[in-house]
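The values are calculated or read from the model by the stated rules, or taken from the named source; none is laboratory data. The structure presented is a predicted model; accordingly, all values stated were derived computationally and were not measured. Because the Cβ atoms are built from the backbone with ideal geometry, glycine has one as well, and the counts that use them run over all protein chains shown. Ligands, DNA and RNA are stripped out before the accessible areas are found, and what is left, the full protein with its side chains, is counted by its heavy atoms. Shrake-Rupley method; radii C 1.70, N 1.55, O 1.52, S 1.80 Å.
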Amino acid sequence: MKKLFIILLIGFLNINLFAQDFPFPPELKWWIFEIQSIDKNVKIENFKFSEKRSILNQDAPISYKNRLYPVLKKWNYFGNEFAYYDIYASLEKNKSGKYSIYGEPDAAFGIFDKNEILLFVDFFGSSKGIDSFCWVRDNRIIAVGRDIINSYEDGLSDIDFIIYDYYIKNGGEIIVKEYIYSIKSVNMAKLKLRWVEQRTDYFENN
């Protein structure tokens with residue numbers, strides 16, 4: 001009986017440690033639901049730790065005053081910082097009154113202070129990026145995205161779906177942990193993973 005209690009206790013602690021290390025917000029569950037449309041077995045718990053890296057504060061902070069679009073900003077709870085989808089993004093208004101969003105091939109996720117000074121930036125290659133994100137604390141962001149590992153002539157791709165855990169430390173550093181779930185032969189045209197694809201009230205499909 002004592003051994004059983006110890007086993008259950010260890011299991012309970014592991015669950016809680018996982019939950020504390022991986023606070024997936026309900027606001028991003030739609031992204032999981034999209035993946036479930038091609039893989040019904042995917043769950044948040046299926047994402048496995050891939051890597052841990054560090055981002056340092058900008059040595060020479062850059063001012064983006066009046067160059068950023070409010071719809072692409074998400075403020076933390078205290079209101080002293082906001083995160084931004086792609087610091088190179090631009091919007092173009094269409095005849096319908098909706099917008100198309102454009103960016104550089106190397107997307108860059110940014111964190112700014114309230115004066116629109118760039119504090120941190122996370123660069124991605126042309127195959128990788130962030131689809132959406134959410135503040136879970138004033139110093140922590142959970143983001144979701146994907147990395148196209150292989151592309152084939154039939155239009156299918158091997159994809160690593162990624163959950164990013166951004167933790168902003170005191171002293172000008174962000175610790176990033178990445179968790180991945182891999183699926184082969186994905187038809188990306190059937191998925192609406194990007195946040196802008198979910199906001200049909202504001203954006204045209206790009």
- Some residue of the stretch 57-68 being more than 15 Å from the chain's Cα centre (by Cα), farther than 23 Å from Glu173 by Cβ and modelled with pLDDT under 80: no
- Task: Examine the stretch 45-53 for a residue that is exposed (fewer than 15 other Cβ atoms within 10 Å of the Cβ), modelled with pLDDT of 90 or more and part of a loop (DSSP other than H, G, I, E, B), and state whether such a residue exists.
- Result: no
- Message: I'm trying to understand the selection: among the residues of the stretch 122-139, which are farther than 21 Å from Ile35 by Cβ and buried (at least 17 other Cβ atoms within 10 Å of the Cβ)?
- Response: Asp122, Trp135
- Task: Please enumerate the residues belonging to the stretch 167-187 that are under 22 Å from Gln58 (Cβ atoms) and free of Cβ contacts under 8 Å to residues at least 40 places away in the same chain.
- Result: Tyr167, Lys169, Asn170, Gly171
- Message: If the requirement is being part of a strand (DSSP E or B), of a type in the set (A, V, I, L, M, F, W, C) and modelled with pLDDT of 95 or more, which of these qualifies: Ile142, Ile101?
- Response: Ile142
- Message: If I filter the stretch 152-170 down to residues being of a type outside the set (D, E, K, R), under 22 Å from the mean Cα position of the chain (by Cα) and open to solvent by 30 Å² or more (accessible area, probe 1.4 Å), which single residue comes out as farthest from Asp122 (Cα to Cα)?
- Response: Asn170
